[in-house]
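The block underneath contains the structure these notes are about, expressed in structure tokens.
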Amino acid sequence: MSKLNETDIQGFVLRGYNLPVARYFFLHFEDAARARMLIGRLLHHVTTGQLWDGGKPESTVNIAFTQQGLAALELPDATLLSFPVEFQQGMKKRAGILGDTGLNSPERWDELWRDDRVHAWLGINAQSPAALDHRCAAMVELLEETGGAVALAAQEAAAVVIDGKPTTREHFGFTDGFGNPDYLGVGRSSQPGQGKLLPNGSWAPLATGELLLGYADEAGELPVAPMPHILASNGTFMVYRKLHQNLATFRAYLDEHAALYGGGKEKLAAKFIGRWRDGTPLELSPDNPDSSIAQDPNRSTNFTYGADPEGMRCPIGAHVRRVHPRDAFGFNGKLIDRRRITRRGLPYGPFAAEGEPASDTEERGVIFMALNASISRQFEFVQQQWIEYGNDPHLGNDKDMLMGNHGGRGKFVVQGDASAANPPFICSKLPNFVELRGGDYFFLPSITALGMLAMGLVDPR
Amino acid sequence: MSNINGKIYALNAITPMKPWKTLVLRGFFFLLGHIKPLQQDLINLSFIEFARWVVLPRRQFPFLGNGQVKEELQYDYLLFFSNFNGTWNQYIDAFSAVLSKGLNLVWRWSEKFPGAVPVTPFKEYIARVQFDTDYYYTAYPHAAANDLKSAHIVQASLDSLSQRAQACTPEQFADAYLRFVLEVQAHLGETGEAPIVF
């Protein structure tokens, strides 16, 4: 496969920018013509996938639309109806499928997400708070000049800063952001363990069509996409979820259970997720964290579960094993190749280091953004079957320890062995460590498609 | 009338075959029945409760007399019957992803079979030849096949612990209990409602 046309693809799709601060505006279009004018003006700002020869830019701009947003831009009905059903419905209507009920149900979401007013996501990432403010001011000016949209809200997000340096830690203290897949044609330094597993034990990039519309996917066919195809090609779908973290609950639960667990607190925390807090995979180093592994791209994601079917190193229900089961279901991992997602996103809210006071009510969490060619086949499947359910790993109705919508019920089994430092252990009466505060499904178009939207050139087929 | 009962889905598909092709298929079934490793992939898909293909020869359809008109059928038929856990899409996706060669050998003798890969025409084909279930009884709608297998493991292990416990000292019991927990620790999933089908 030759290289992709990187200048036609939004940069946000092809690479995690690794920029420490971000602001996500949520736009509402009031008039189609003015909104199109706004998109036309924005076109020159949108960051593409073109390589940064001159180093990282000070800031980046990307844009994506909800179904309501595309309707507000007055796309033809025939085109709107050609989008996949889950996108047309939006995330709120999929709450039952996703297990977004009880504490996570839409009536408990932030007000922004409770009605259907969000038309577009405008994502700005930057090197520094000053660069972010500068770029955002320019964006707000554009909104006002064109009258194309009102900003309903702006979500701040930023890498957690420890000792003056931005890190990839999240609020529970775990190092995040290891597991994004490699795709054919997407030029980035590829890392063993991030694509698909081959029968000989090596790893290869996934088919481009698992990420981008208009390319063959792992089943050898084009992903379901809206018509006309030029509107879809080089675009993708984005899932946006604001995940609130109940930090006090997490710490109290961990302390309470660590007191009963023979392996110690840090090991119990590692068993929840499958990695020690510094990121060392349990599968590679079950007894202690090892920064030489965590920081080595050739090792940090390069492992399988085949030799640990009973979960004695990494529990069968640990978060990373659930959401990226690798070879755990047999068939050399072939059953999972069409269930992979690319994650973007950053934490939000103040970081409270271990030992500092923390409450559940403070606004704190992670902005989870997932990119995939098919929301239903990829994100929704992972969320329903692997986070909120457990049949594939033979765990019945057990849910993901950290992400699951437990509501005070359920359990998590830490499989162990006969040694005192690695005993079997059961965590029960699970609270919701994470709560959903809102979000939606977005279409992230190519540069060509943005131009078509701006000029009103989307003809029905 | 539904194909779904709790965590289980019942799928029936009937496809016509030219009679001379039935002979070839029977040959393949004979091999499949006698070479166990050939069945292994199907068995390893743990969400399948069972899957069975049966040939319905055109001259062996029931004839009841009593005014039933004699028919001269042109085709033999292949009945596929399977019960599985999870959604229809998940099932066919998995079939197509890991069993395509075997499925092609079984179904290629049926008329208009498009092949198990790519998956979309395969799904269209199955949807077209599928017959919905009129009545579907299942003893454990809140349990998947994996849950039942796990329950057997836990039960057997508990029974044996209970037997050993009769004559145990407290120290021996502690040891026996640990071994019991290690035996069952990967088989303790809850049973319950199935996720919403989509």
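The values are calculated or read from the model by the stated rules, or taken from the named source; none is laboratory data. What you see is a predicted model, and the numbers here were worked out from it, not measured in a lab. For neighbour counting, all protein chains shown are included, and Cβ atoms are generated from backbone atoms with ideal geometry for every residue, glycine included.
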Checklist entry - Any idea which residue in the range B:41-61 is surrounded by the fewest Cβ atoms within 10 Å (Cβ to Cβ), counting only those that are of a type in the set (S, T, N, Q) and more than 20 Å from residue B:110 (Cβ to Cβ)? => result B:44
Item to check | residue B:164 being surrounded by 15 or more Cβ atoms within 10 Å (Cβ to Cβ) and away from chain A (no Cβ under 14 Å) | outcome: yes
Checklist entry - What number of residues within the range B:117-133 satisfy the criterion of being at pLDDT below 95 and β-branched (Val, Ile, Thr)? => result 4
Next on the checklist: Out of everything in the range A:341-373 that is in contact (Cβ under 8 Å) with a residue 60 or more places away in the chain and of a type in the set (Ser, Thr, Tyr), what residue ends up being nearest to the other protein chains (Cβ to nearest Cβ)?
Outcome noted: A:342
Next on the checklist: One residue is enough: does the range B:188-195 have a residue meeting the conditions in contact with a strand residue (DSSP E or B) (Cβ under 9 Å, 6 or more places away or on another chain), at positive phi and within 14 Å of chain A (Cβ to nearest Cβ)?
Outcome noted: yes
Checklist entry - Do we have any residue at all in the range A:161-180 that's of a type in the set (Asp, Glu) and more than 30 Å from residue A:281 (Cα to Cα)? => result no
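Per-residue answers, yes or no, for (1) among the small types (Gly, Ala, Ser); (2) surrounded by fewer than 21 Cβ atoms within 10 Å (Cβ to Cβ); (3) more than 19 Å from residue B:192 (Cα to Cα):
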{"site": "A:341", "(1), (2), (3)": "no, no, yes"}
{"site": "A:346", "(1), (2), (3)": "no, no, yes"}
{"site": "A:354", "(1), (2), (3)": "no, yes, yes"}
{"site": "A:371", "(1), (2), (3)": "no, no, yes"}
{"site": "A:411", "(1), (2), (3)": "no, yes, no"}
{"site": "A:414", "(1), (2), (3)": "no, no, yes"}
{"site": "A:423", "(1), (2), (3)": "no, yes, yes"}
{"site": "A:446", "(1), (2), (3)": "yes, no, yes"}
Next on the checklist: Looking only at the range A:305-331, how many residues end up being within 9 Å of another protein chain (Cβ to nearest Cβ) and either under 27 Å from residue B:118 (Cα atoms) or within 19 Å of the chain's Cα centre (by Cα) (or both)?
Outcome noted: 3
Checklist entry - Being surrounded by fewer than 23 Cβ atoms within 10 Å (Cβ to Cβ), free of Cβ contacts under 8 Å to residues at least 40 places away in the same chain and of a type outside the set (S, T, N, Q), is that true of even one residue in the range A:268-281? => result no
Checklist entry - Can you find even one residue in the range A:218-231 that is at pLDDT 95 or above and in contact with a Cys (Cβ under 9 Å, 6 or more places away or on another chain)? => result no
Next on the checklist: What's the total number of residues in the range A:282-298 that are surrounded by fewer than 19 Cβ atoms within 10 Å (Cβ to Cβ) and assigned to a helix (DSSP H, G or I)?
Outcome noted: 2
Checklist entry - What tally of residues in the range A:374-393 results from selecting those that are facing chain B (nearest Cβ under 8 Å) and either assigned to a loop (DSSP other than H, G, I, E, B) or more than 15 Å from residue B:197 (Cβ to Cβ) (or both)? => result 5
Checklist entry - Being outside any strand (DSSP E or B) and within 30 Å of residue A:329 (Cα to Cα), is that true of even one residue in the range B:46-68? => result yes
Checklist entry - Inside the range B:3-27, can you point out the residues that are of a type in the set (Phe, Trp, Tyr) and buried (at least 17 other Cβ atoms within 10 Å of the Cβ)? => result B:9
Next on the checklist: Out of everything in the range A:235-256 that is over 21 Å from residue A:267 (Cα atoms) and among the hydrophobic types (A, V, I, L, M, F, W, C), what residue ends up being surrounded by the fewest Cβ atoms within 10 Å (Cβ to Cβ)?
Outcome noted: A:243
Checklist entry - Quick one: would you say residue A:152 is more than 27 Å from residue A:247 (Cβ to Cβ), of a type in the set (A, V, I, L, M, F, W, C) and surrounded by fewer than 19 Cβ atoms within 10 Å (Cβ to Cβ)? => result yes
Checklist outcome for this item: Screening B:89, B:85, B:44 for residues that are touching a Gly at 6+ places or on another chain (Cβ under 9 Å), within 28 Å of residue A:390 (Cα to Cα) and not β-branched (Val, Ile, Thr) leaves only B:44
Checklist entry - Which ones in the range A:78-134 are among the basic types (Lys, Arg) and within 14 Å of chain B (Cβ to nearest Cβ)? => result A:93, A:94
Checklist outcome for this item: When the range B:126-148 is checked residue by residue, the ones that are free of Cβ contacts under 8 Å to residues at least 40 places away in the same chain and within 14 Å of chain A (Cβ to nearest Cβ) are B:148
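Search the range A:394-416 for residues being at the interface with chain B (Cβ under 8 Å from one of its Cβ atoms) and assigned to a strand (DSSP E or B), and hand back the single one that is farthest from residue A:287 (Cα to Cα).
A:396
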Checklist entry - How about the range A:162-274: which helices (runs of 4 or more DSSP H) wholly inside it have at least 3 residues that are over 30 Å from residue A:460 (Cα atoms)? => result A:247-258, A:265-273
Item to check | Evaluation of residue A:461 against (1) basic (Lys, Arg); (2) surrounded by fewer than 19 Cβ atoms within 10 Å (Cβ to Cβ); (3) not in a loop (DSSP other than H, G, I, E, B) (one fails), failing number | outcome: (3)
Next on the checklist: Among the listed residues A:461, A:409, A:437, identify the single one that is among the basic types (Lys, Arg) and in contact with a Phe, Trp or Tyr (Cβ under 9 Å, 6 or more places away or on another chain).
Outcome noted: A:437
Next on the checklist: Please go through the range A:304-335 and give me each residue that is hydrophobic (A, V, I, L, M, F, W, C), at pLDDT below 95 and assigned to a helix (DSSP H, G or I), ordered by number.
Outcome noted: A:331, A:335
Checklist outcome for this item: Among A:361, A:301, the single one that is outside the structural domain of residue A:205 (by TED's automatic domain parsing), in a loop (DSSP other than H, G, I, E, B), closer than 28 Å to residue A:379 by Cβ and of a type outside the set (Phe, Trp, Tyr) is A:301
Checklist entry - Only one residue in A:361, A:280 is at pLDDT 95 or above and within 21 Å of the chain's Cα centre (by Cα). Which one? => result A:280
